[in-house]
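Rule-based calculations on the coordinates, nothing more; no lab input. Remember, predicted model here, so these are calculated numbers, not experimental data. Cβ: placed from backbone, ideal geometry, glycine included. Neighbour counts: every protein chain shown.
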Amino acid sequence: MLSLIPLFPFAGFLVNATLGKRLPKAVSGGLASLAMVASFIVAVMKVMTLASFSPGVRSITEPLYTWIAAGDFHLDVALRLDPLSALMILVITGIGSLIHIYSTAYMHDETDSEFARYFSYLNLFAAFMLTLVLGSSVLVMFVGWEGVGLCSYLLIGFYYKKKSASDAGKKAFIVNRVGDYAFILGALILATHFGTLEFQGLASAIAPLPIEHHFGMLSIAALLLFIGATGKSAQIPLYVWLPDAMEGPTPVSALIHAATMVTAGVYMIGRNAVLFSHAPQVLQIIAVVGAATALFAGTIGLVQNDIKRVLAYSTVSQLGYMFLAMGVGAYGAGIFHLYTHAFFKALLFLGSGAVIHALHGEQDIRNMGGLRKHLPITYWTFLIGSLAIAGVPGLAGFFSKDEILFETFANGHTILWVVGALTSLLTATYMFRLVFLTFHGERRHDAPSAHDTHGHGAHDAHAGHAHGGGHLHDAPAAMALALILLAAGSVAAGYIGRPEPLGGTNWLGTWLAPVFEAPVVEATGEFAPPPGVEPEHESHAAAHEGGHESLEVTLMGVSSVIALLGIGFAAFVWLKRRDIAEGAARSLAPIHRTLLNKYYVDEFYDAVVVRPIHALSRDGLWTMDAKIVDGAVNGVASIVSSLAGALRQLQTGSVRAYAGSVFVGVVLLLGYYFWR
């Protein structure tokens, strides 16, 4: 049954891609949504089966067929379900189903063919992401890895007639190819040295090896894989594609940012935890890059005015948190934040879609305000998502973010903890700046007319000011259902990882722990950590026994105060004294302009990378191709043509001339014969 999980959405893709133009929208969207729901149901069934196994043997493998058999190298196309992939498939199919259902209302103004094209891409995206997390080997994972890259190109550039959308799609595709090149090199190193790309085989082979305190083969392979992750999961320096992904329809942003593509890099590191644990220097790089990305993106999000762009930089920042956790060896904490983030980030993007939907395409928060009374469902659900991402106690984001900060501090990374805490303050500030400017204060927009207030999938392609004179409508039923369920998840999802100081048992950490340890005897399911690496669940226990429980409580209090300070500061500035923000923007104009222009990183890449490559291609490679390569080929053709033209003159069509030439030829041959 494992193969059914990606096959259901793939079947939905095939139907909509081939027959979608002939199907009514209700059938097209319904089939796509039903495919995701069916995949979710099967996923729940298989996870329940997995949960019934004892912890040491929680895995189900389904070989499909032999893919490569060359000499001693053998690789099957196989799917593997274990605690990590189980969590991922529940997130992808569960939240993916809600995004599909939401899309049936959001995209309903598209033509039948465009509507079907959208849902075919959405189903294909889910199918590839499920393949990625269920693959039992690096190569099967890479099929899904490349598939989600393709689908991101198709979905980000969905409105391909709009130049900014087509450019954004190409940008995402090209930037990810840079990371994927490194990923391939890392995979080839592993295949060359260990003769396998199966995750379990690699873990078994790597576990007995000594930890590399200097860069060796394992460290190089791990670093190359991490570079691939910086592309997929939008970390410095390959993060630049993700903010532009907002050019796609809003539900696409929710799917990319919450449940699928951007989590692939974090998942890949967790899946290869044994490898990365043997490369502590690479882990240090991962932690520093993650912390730097979190802070960097947080400062940019503080001044952005597009509602989706604020959320996009928020995603980059939260992904930095996840990599920070991975870099300090807290793999379970990183996956925990991946899981909770999926709920509140999907909620926030879909909430922004409801706002855009109500305002007929308006995305600038400076032109919003006063929406709280008109969009109550959207407001309250968006508020819950904002509280969750800010780390307010009791909501999902608090538990996962606090665990990351605690693990960072407890492992001696004090500077990185400070960066993480500062990022938390920025997150609370810019998220509630967004809330207050969008939903509170005076109304700074005109309402759309009545005929414009229903689903408008083309909003993202045709953003503009709303028409005047009508009444604002809250999210339609399909959209509201997704918002309410995701809001419930944003509250409750964190309680499966509630820490011991708060009376919990961190069930999720216990569930995931065996995945991050090396299999000693896979047949019996016995697991052990690699040499010198303490199992995460045991380190937690040791930490608490050693008096760290009080430290965790203290850090929880600090992070809670930080979150409330950020919210309070945002309320003071953007509700009471907006003149302070305007004055700061004027007095700190160079800094404000730098942040507003995203540190000019895109301009830097354009000047240093894009334009030189374009110039080299145009003035160097194109000249060589056109004048040397084409010249050589065309020159040969010209010579042959000239010779053929000369020989063609001998063909006169006259029988007398042919007879005369034959006679002359015979005389010459006979003369030569007699002369000899």
Between residue 65 and residue 418, the two model label points (7 Å from Cα along the beta-carbon direction) sit apart by a distance in nm of 5.8 nm
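How high is the FRET efficiency between residue 380 and residue 575 when r is their beta carbon distance and R₀ equals 25 Å, given to the nearest 0.05?
Efficiency, rounded to the nearest 0.05: 0.90.
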Once phi for every residue in region 291-296 is put through the Karplus expression 6.51 cos²θ - 1.76 cosθ + 1.60 (θ = phi - 60°), the whole-Hz ³J(HN,Hα) values, with Gly and Pro written as x, are 5, 5, 5, 4, 5, 4
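In terms of the ratio Rg/(2.2 N^0.38 Å) built on C-alpha atoms, what value belongs to region 98-230?
Numbers: Rg = 18.8 Å, N = 133, 2.2 N^0.38 = 14.1 Å.
Here the Cα radius of gyration is 1.33 times the empirical estimate.
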Taking every alpha carbon pair in region 367-443 and sorting the distances into 5 angstrom bins from 0 up to the bin holding the longest one, the percent per bin comes out as 3, 16, 21, 19, 14, 10, 8, 6, 3, 1
Per the rule of 0.36 nm per residue minus the C-alpha distance, extending residue 170 to residue 593 adds in nm 149.6 nm
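Provide the packing ranking of 401-408, 594-601, i.e. peptides ordered by the mean count of other C-beta atoms within 10 Å per residue, highest first.
Details: 401-408: 27.0, 594-601: 15.0.
So the order, starting with the most tightly packed, is 401-408, 594-601.
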Reduced to Cα centres, the span from region 1-74 to region 623-652 in Å works out to 57 Å
A student applying the Cα gyration tensor rule (rounded when a/c is under 1.5; otherwise prolate if a/b is larger than b/c, oblate if not) would label region 26-131 oblate
With the 8 Å Cα cutoff and a minimum separation of six or more residues, the chain has a relative contact order in percent of 13 percent
Taking a ≥ b ≥ c as the square roots of the Cα gyration tensor eigenvalues, with a/c under 1.5 meaning rounded and otherwise prolate when a/b beats b/c or oblate if not, region 1-82 comes out oblate
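How big, in percent, is the set of alpha carbon pairs in the chain lying more than 46 Å apart? Please report the intermediate quantities before stating the final value.
Working: 54140 of 228150 pairs.
The share of Cα pairs beyond 46 Å in the chain comes to 24 percent.
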Taking a crude spin-label model, label points 7 Å out from Cα along the C-beta direction, the residue 306 to residue 632 distance in nm is 4.6 nm
Within the under-11-Å Cβ sphere about residue 610, not counting residue 610, Lys/Arg +1 and Asp/Glu -1 give a net charge of -1
Measuring from the longest principal axis of the C-alpha atoms of the chain, the long axis of helix 25-51 (C-alpha) lies at a number of degrees, nearest 10, equal to 70 degrees
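Applying 1/(1 + (r/R0)^6) with R0 = 51 Å to the Cβ-Cβ distance of residue 654 and residue 27, what FRET efficiency is obtained, to the nearest 0.05? Numbers along the way, then the final one.
On the way: r = 74 Å, r/R0 = 1.45.
Approximately 0.10, to the nearest 0.05.
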Interchain or sequence-distant (5+) residues whose placed amide H lies within less than 5 Å of the amide H of residue 67 are 75, 76, 77
HN-Hα couplings for region 474-480 via Karplus (6.51, -1.76, 1.60; θ = phi - 60°), in whole Hz with x for Gly/Pro, come out as 6, 4, x, 4, 4, 6, 5
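At 4 °C and 1.567 mPa s, what whole-number value in µm²/s does Stokes-Einstein give for the translational diffusion of region 599-646, with Rh from the Kirkwood sum over Cα pairs? Walk me through the numbers before you get to the answer.
On the way: Rh = 13.2 Å.
Roughly 98 µm²/s, to the nearest whole number.
Kindly identify region 91-175 as rounded, prolate or oblate by the Cα gyration tensor criterion: order the square roots of the eigenvalues as a ≥ b ≥ c, call it rounded if a/c is under 1.5, otherwise compare a/b with b/c, prolate if a/b is larger, else oblate.
Numbers: a/c = 2.72, a/b = 1.30, b/c = 2.09.
Here region 91-175 falls in the oblate category.
How large is the convex hull of the Cα atoms of region 570-636 per residue, expressed in Å³ as a whole number? Working shown, then result.
Details: hull volume 6.6 nm³, N = 67.
So the per-residue hull volume is 99 Å³.
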Residues whose built amide H sits under 5 Å from the amide H of residue 518, excluding neighbours closer than 5 in sequence, are 528
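With a 10 Å radius around each residue's Cβ, average the other Cβ atoms per peptide and rank 609-618, 648-657, highest first. Provide the component values of the computation, followed by the final result.
Numbers: 609-618: 11.2, 648-657: 8.7.
Averaged packing, sorted descending, gives the order 609-618, 648-657.
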If one compares the long axis through the Cα atoms of helix 112-134 with the longest principal axis of the Cα atoms of the chain, the angle in degrees, nearest 10, works out at 80 degrees
Scalar couplings 3J(HN,Hα) for region 158-167 by Karplus 6.51 cos²θ - 1.76 cosθ + 1.60 (θ = phi - 60°), nearest whole Hz, x for Gly and Pro, are 4, 8, 5, 6, 8, 4, 5, 6, 5, 5
Compactness summary of region 539-661: radius of gyration and Dmax from Cα atoms, Å, are 38.7, 115
